[in-house]
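Notes follow the structure.
The values are calculated or read from the model by the stated rules, or taken from the named source; none is laboratory data. What you see is a predicted model, and the numbers here were worked out from it, not measured in a lab. When we count neighbours, we look across all protein chains shown, and the Cβ atoms used for this are built from the backbone with ideal geometry, even at glycine. Ligands, DNA and RNA are stripped out before the accessible areas are found, and what is left, the full protein with its side chains, is counted by its heavy atoms. Shrake-Rupley method; radii C 1.70, N 1.55, O 1.52, S 1.80 Å.
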Amino acid sequence: MRIACGLLLLVSGMTATADEPCKSGLRESQRPGPYTALISVGPQRGQQHCFICESGERPLVIVFAGQLSAPLGKLVAKLDRALAEHKAAELRAWVTFLTDDQVSLDPRVVRWSKQHATGTVPLGVFEDPVGPPTYLLASDADVTVLLSVKQKVVANFAFRAGELNDAAVGEIMKAVPRIVNERK
């Protein structure tokens, strides 16, 4: 009887957690710290690179992802259009994939980039599935998107596997002008 009650509490607790929004990454007003990733797609391909290090006060869209997915491809394609649209504001965006095996993920990232026409958004791989330690990425988060300007996070979006969809991509993209306008 005790085991059955314990299992019931455990299952009900898991259900409540799954219904809550995913929380991952830096909170508003926190400063994104430097980290390097091996670039798979972009001008720095094959090199370790730190985008934070060269960004200064510019508006940033920092994406961390655990999986290659079609919804993520849609987000990156829209970010590519936003980079062109907000070129004068020097908007920056990149995606960092998290894995414990960079060597096998790299060619898959390149194919995924071509399939989803990700354009000029650089794609890199950080060889640790938990991501850069200072970013406090949640283990249940598949995609974490941080919007930052003037070296402070101003918006945070986090999604478990399967939660990133067209509506979520739309919400993220609606927030991008906010960081561009704060830059001015």
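General remarks:
- With bins 10 Å wide beginning at 0, the percent of Cα pairs of the range 60-125 falling in each bin runs 22, 55, 20, 3.
- Spin-label pair Ala161/Val103, simplified geometry with 7 Å Cα→Cβ offset, distance in nm: 2.4
- Heavy-atom surface of the chain, accessible at 1.4 Å and reported per residue (Å²): 53
- Accessible surface of the range 82-171, 1.4 Å probe, proportion on carbon and sulfur as whole %: 54
- Spherically averaged projected area of the range 26-184 from its Cα convex hull (nm²): 8.0
- Degrees, to the nearest 10: 70-85 long Cα axis against longest axis of the chain: 30
- From helices alone, the chain scores -12000 deg cm²/dmol at 222 nm; the rule is -39500 (n - 2.57) for each run of n ≥ 4 DSSP H residues, then divide by the residue total.
- Exceeding the 23 Å Cα-Cα cut-off - candidates Lys114/Lys150; Lys87/Lys174; Lys152/Lys174: Lys114/Lys150
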